[in-house]
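Here's the structure we're looking at; comments come further down.
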Amino acid sequence: MSTDMGNLAGGCSCSWEDNGTSAIYERTIRKARKAHRCVECSDAIMPGTIYEHVDSLCEGYWSHFKTCAPCMYIMSDMGCVPHGGLREAFWEMFGWNYCDDPADWTE
C-alpha cells in the first residue's frame, strides 16, 4: 500500500538513484501490516504505522531499508543522508544521539 506523505517520499535534495551506483532504486511510503525494525533508530515500526520502504540494486546486490516516520521527518529536514547513517550524521551535526532517551540528555 503506497501512501502519499508529501515531501517525505522524496525529501532528499539529491537523487540516490542517479548517483551512478544503484541500478534500481525504488522508494515507497507504506502502512505496516506487521512489525518491522527501523534501519535508522532501531525502534519497532508497529502495524498500522506509516514507514518508508526502499529496495536498491547496487553492484549486483539487493538492499532493503525500512525507516520509521519520525526518522523520515528528521531525514527530510537534514537533507541527503545514506540509509542507515542518520544517527551518525545527526551526531556529527549536533553532537548528540537523537535515539537516546531524552531523560539522558544533558546540556
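Starting from the 7 Å offset along Cα-to-Cβ, what nm value, one decimal, do you get for the label separation of GLU88 and ASP43?
In this crude label model, GLU88 to ASP43 measures out at 2.2 nm.
How much FRET efficiency would the formula 1/(1 + (r/R0)^6) give for CYS99 and ALA35, where r is the Cβ-Cβ distance and R0 is 22 Å, rounded to 0.05?
Between CYS99 and ALA35 the formula returns 0.75.
Using the per-residue mean of other Cβ atoms lying within 10 Å as a proxy for protection, in what order, highest first, do the peptides 30-36, 49-55, 91-97, 80-86 fall?
Highest mean packing first, the order is 49-55, 80-86, 30-36, 91-97.
Just grab the label-to-label distance for ALA23 and ASP77, each label 7 Å out from Cα along the Cβ direction, in nm (one decimal).
3.9 nm
Read-outs: derived from the displayed coordinates by stated rules, not from any lab. Note that the coordinates shown come from a computational prediction; the quantities given were computed from them, not determined experimentally. Virtual Cβ from ideal backbone geometry, glycine too; neighbours counted across all protein chains shown.
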